[in-house]
Amino acid sequence: MTDSKYFTTTRKGEIFELKAELNSDRKDKRKEAVKKVIASMTVGKDVSTLFPDVVNCMQADNLELKKLVYLYLMNYAKTQPDKAIMAVNTFVRDCEDPNPLIRALAVRTIGCIRVDEITAYLCDPLRKCLKDEDPYVRKTAAVCVAKLHDIDPLLVEEQGFLDMLKDLLADSNPMVVANAVAAMTEIGESAQTEAAARMLTWSGHLVNKLLTALNECTEWGQVFILDAVANYTPSEENEAQSMIERVCPRLAHANAAVVLSAVKVIMKLLELLTPGSDFVQSTVKKLSAPLVTLLSSEHEIQYVALRNINLIVQKRPEILKHELKVFFVKYNDPIYVKLEKLDILIRLTSAANIANVLAELKEYATEVDVDFVRKAVRAIGRCAIKVESAAERCVSTLLDLIQTKVNYVVQEAIVVIKDIFRKYPNKYESVIGTLCENLDTLDEPEARASMIWIIGEYAERIDNADELLESFLDGFADEQTSVQLQLLTAVVKLFLKRPTDTQELVQRVLSLATQEADNPDLRDRGYIYWRLLSTDPAAAKQVVLAEKPLISEETDLLEPSLLGELVCHIGSLASVYHRPPSAFVDGRVAAQRKGLPSRAPTLAEATGAADAGAEVVPTDNAQNAKPAVSVIPTQDSLIGDLLDIDMSGGGGGSGITQQSAAPAVPSQSNAMDLLGDGLDSLLGLGGPAPQQPPQQQPAVGGGSGVDALADIFGGLSATPSAQAGFTPQLESWLPAQRGKGMQIDGRFLRRGAQLQMELQVRNNAMQQLSGFAIQFNKNSFGLAPAQPLSLNPLAPMQTATTLLPLHTKGQVQKMEPLLNLQVAVKNNIDVFYFSCLVPIHVLFTEEGGMDKRVFLSTWKDIPADSESQTSLGSYSHSPDSVSNLLQSCNVFTIARRSVDGIEMLYQSMKLCNGILVLAELKISGGAFTLSLKSRHAEVYSGVQESYLKILKSSN
């Protein structure tokens, strides 16, 4: 007889009946009644009114009944905290029950009842259970300490539970040790005081105890212990060798998690040993077999193992250099395993095994899975770039694949051949003729752009290059932006190489780019080329036909600092996603995990050195310098306003406004003669003087190429792509699948004091899109459109770009996350909603600078516990370049100091709503550490993210 009968009752008035049964004198009836209550609770019925009656059943000595009652308590204690106090006496009594199972059950439930009112009453029972004679009770109590710390960290420290937990590491039972380690690790990740952090720091003596208990633990206990050992750094090389020897037997474990945890410990300890020593080499050989064994598991475990192996191969390729064949793809592998194997295969490719790899890749290129075939073809190109001696064989293989005439194979081959040309200039250009034969079959933007690049780069070797490029111009307006940009550059290259017969072609493409295109990047490039060709052809040649840097061998390798961090997290989510733990946890916790060092000198010392002898402004006076900060109200509704938007169009009010778009640039009245006295004078050809580009400033004067370029950027009135110094990337906001064919990419820009949203809208539908309008939901900074959205009707497969001015006078409501912006866009098909994150640096105003003494007093006035510190990684920027780069984003450097080779920049920034943020940027050996102080800590994560993006943009 199963318990399913408890879920099938449909009687009315059953709450009354259950109440009567719960108070019955018969134990079996009470037990049946509690089962019915749990069943009702499981299917979502509200049985909270039975709380006192169920709690009365705790008095029974039946273990099964107690489990059911405790389950009920865990579910309803938070909603009935006053009534939950009724159960405290029973908990205390059960923690002293002769049956260890009941004692453990009671202490486990204590940790699950998250009610502040009764937490203090449970400290004594928990203290007794931590010293219980039964190991099952002790191990359960250890986990309860971690749960209690999550509820009230200070209470755990004051009651001495951390010391008791540490004592359990010396327990005779290995499972108690394992649970104590797990609890200490979890507490250590969120420790809020320095005393707690120090108490939970591993020492060599403790690690030795843990390694002793390792042999007797269960598999998950071993994982906990190995993860804890990985956080310990031995003080000398002999200690590291001893630890490796004691961990190595875990590599033969049947559980994949244990194996990966052991690999993580060994990989970290190997970094502390002398490279190339006999011990290191023998240890590296031991790692090979267990990693290969993981690939015989289920596909899901295979994938996790492969993602970790990918990191290991990047860090130490010698571990698996002789195991190439285990990464050959099997016919029944799922696609995610195939792609990961292929990636590792390329990383292990060398001159010694390139023949086998190429044979495999050529076979993969004939598979039926399109994604896998594309990756295989691209892998052949990567082999050519990585192994120079096999480049000719790789090119020959790609030509064989092109002859198959399979459309997606041909297009992928052209993309990789372009990279091969970049890597080996003037070596394999004989294949260009074969590539041109397939010109008509190219329909993917990346392949078309690659082919156009090849034609432009080698225009002097292609007799009909002008005809080929002209064939692309017929559909210029419908091409993707990447193709348009490439086509513009290729035609200018062709003109510079063959000016006599390509005048009309270059005039046509410049006219299309500057007058008919909506994309600001395309217009800017067109105007720059136009001005260069008109005024200084020598500079044009230097800019457009400049020698290009060669492609590196491995363009997809992880940054060394990130790779080192991920190797220390093998077997975790970070190693699967190849993203640091800070991407998944709160920034402050991540900083604590990394063990960031404290700042070197104090702020007072730094600013004092920068402004020696200056009198410090008293704190009281500094109050007058504080800006008025507008408080962000709490969020009460996330979706309601957007769902209730008036989408009827028309003028003001709260509804989305709509306005037909006017052409951005007037039609050109006179054609431009690009040759004139510019390039003709260079090539000895006569011709009339050039005319000015339409709608632009007067032409710049002659001079050197550098002077001409300076004049161009100083005098051009075309819209720049972003504020000087930092250009954010376009982000995908609304995919075509969700937008019923309308795809929206965008970014936020700040130009002077004007905040703008750049929208790139593409019509992937089969019908024209029109009637565009936009509205924002309430948000944290009051962002709202300053004018209606202006977009012309979009034909199928057409792309348009527009700049939407924004203001910060809209309705304010605190969002979660803080920088979240909910947007509604309307067209003639429907209304579409999407969310995007506003980068906080575009909200920094020009009033963010301040006097050094005001900065110092403001810093001191903000409480020390408000400070947040995080590592930004390593970059090649100098302090001056960093200061200039951040200044372009309205981050003002107030003072600078250098101590023992460590550079400190003290900076300030002010948000549009008056919130002030102070920063200390420490640069030590290329490593950047950022400390922030503000009265509004919720902005820290956004500021840290902006610093990362700005630093990475020009590294």
- Task: Tell me which of these Ser780 doesn't satisfy, since it passes every other one: (1) more than 28 Å from the chain's Cα centre (by Cα); (2) under 23 Å from Leu843 (Cα atoms); (3) not acidic (Asp, Glu).
- Result: (1)
- Task: Among the candidates Ser898, Ser857, single out the residue that is in a helix (DSSP H, G or I) and either of a type in the set (Ser, Thr, Tyr) or surrounded by fewer than 18 Cβ atoms within 10 Å (Cβ to Cβ) (or both).
- Result: Ser857
- Message: Quick check on Lys66: is it more than 30 Å from Asp167 (Cβ to Cβ) and either surrounded by fewer than 16 Cβ atoms within 10 Å (Cβ to Cβ) or in the same structural domain as Asp167 (by TED's automatic domain parsing) (or both)?
- Response: no
- Task: Report whether or not Ser471 is part of a helix (DSSP H, G or I), free of Cβ contacts under 8 Å to residues at least 12 places away in the same chain and surrounded by fewer than 19 Cβ atoms within 10 Å (Cβ to Cβ).
- Result: no
- Message: The conditions are (1) under 22 Å from Gln729 (Cα atoms); (2) buried (at least 21 other Cβ atoms within 10 Å of the Cβ), and Leu948 fails exactly one of them. Which is it?
- Response: (2)
- Task: Could you figure out which of (1) at pLDDT 90 or above; (2) in contact with a Gly (Cβ under 7 Å, 6 or more places away or on another chain) isn't true of Leu885?
- Result: (1)
- Task: Give the residue, chosen from Asp28, Asp46, that is assigned to a loop (DSSP other than H, G, I, E, B), at pLDDT 75 or above, assigned by TED's automatic domain parsing to the domain that holds Leu126 and farther than 20 Å from Ala106 by Cβ.
- Result: Asp46
- Query: Which residue pairs have Cβ atoms under 9 Å apart, sit 6 or more places apart or on different chains, and have a first residue in the stretch 748-775 that is assigned by TED's automatic domain parsing to the domain that holds Pro805 and a second that is of a type in the set (Lys, Arg) and surrounded by fewer than 20 Cβ atoms within 10 Å (Cβ to Cβ)?
  - Reply: Ala765/Lys740
- Message: From the list Glu903, Glu938, exactly one residue is assigned to a strand (DSSP E or B), modelled with pLDDT under 90 and not aliphatic (A, V, I, L, M). Which is it?
- Response: Glu903
- Query: Taking the stretch 350-364, which residues are more than 32 Å from the chain's Cα centre (by Cα) and assigned to a loop (DSSP other than H, G, I, E, B)?
  - Reply: Ala351, Ala352, Asn353
- Query: Ala170 fails exactly one of the following numbered conditions: (1) more than 37 Å from the chain's Cα centre (by Cα); (2) within 23 Å of Leu71 (Cα to Cα). What is the number of that condition?
  - Reply: (2)
- Message: Residue under question is Lys35, and the condition is that it be at pLDDT 80 or above, part of a helix (DSSP H, G or I), over 45 Å from the mean Cα position of the chain (by Cα) and farther than 27 Å from Asp152 by Cβ; does it hold?
- Response: yes
- One residue from Thr397, Thr434 being buried (at least 19 other Cβ atoms within 10 Å of the Cβ) and assigned to a helix (DSSP H, G or I): Thr397
- Query: If we scan the stretch 340-349, do we find a residue that is more than 28 Å from the chain's Cα centre (by Cα) and either more than 30 Å from Leu399 (Cβ to Cβ) or surrounded by fewer than 16 Cβ atoms within 10 Å (Cβ to Cβ) (or both)?
  - Reply: no
- Check the stretch 706-718 and report whether any residue there is modelled with pLDDT under 90 and among the polar types (S, T, N, Q). yes
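Of these, Ser924, Ser931, which one is at pLDDT 90 or above and surrounded by fewer than 22 Cβ atoms within 10 Å (Cβ to Cβ)? If you could, list the steps in order and put the result at the bottom.
Values: Ser924 fails: at pLDDT 90 or above.
The unique qualifying residue is Ser931.
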- If you go through Lys405, Lys427, Lys375, the only one that is assigned to a helix (DSSP H, G or I) and either surrounded by 14 or more Cβ atoms within 10 Å (Cβ to Cβ) or over 31 Å from the mean Cα position of the chain (by Cα) (or both) is Lys375
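Please return the ranges of helices (runs of 4 or more DSSP H) entirely within the stretch 179-285 where 1 or more residues are touching a residue at least 12 places away in the same chain (Cβ under 8 Å) and surrounded by fewer than 17 Cβ atoms within 10 Å (Cβ to Cβ). Before the answer, list the steps.
Details: elements: 194-199, 204-214, 219-230, 237-247, 256-270.
Once the helices (runs of 4 or more DSSP H) in the stretch 179-285 are filtered for at least 1 residues that are touching a residue at least 12 places away in the same chain (Cβ under 8 Å) and surrounded by fewer than 17 Cβ atoms within 10 Å (Cβ to Cβ), what remains is 194-199, 204-214, 219-230, 237-247.
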- Task: Please state which of the following conditions Glu300 fails to meet, knowing it meets all the rest: (1) in contact with a helix residue (DSSP H, G or I) (Cβ under 8 Å, 6 or more places away or on another chain); (2) within 26 Å of Glu323 (Cα to Cα).
- Result: (1)
- Query: Within the stretch 818-835, how many residues are crowded, with 19+ Cβ neighbours inside 10 Å, farther than 27 Å from Ser908 by Cβ and not β-branched (Val, Ile, Thr)?
  - Reply: 3
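Identify all residues within the stretch 928-946 that are touching a helix residue (DSSP H, G or I) at 6+ places or on another chain (Cβ under 8 Å) and closer than 24 Å to Asp900 by Cβ; write none if there are none.
Those that are touching a helix residue (DSSP H, G or I) at 6+ places or on another chain (Cβ under 8 Å) and closer than 24 Å to Asp900 by Cβ: Phe928, Leu930, Leu932, Lys933.
The values are calculated or read from the model by the stated rules, or taken from the named source; none is laboratory data. As the structure is a prediction and not an experimental result, all values here were calculated from the model. Cβ atoms come from the backbone with ideal geometry, glycine included; neighbour counts cover every protein chain shown.
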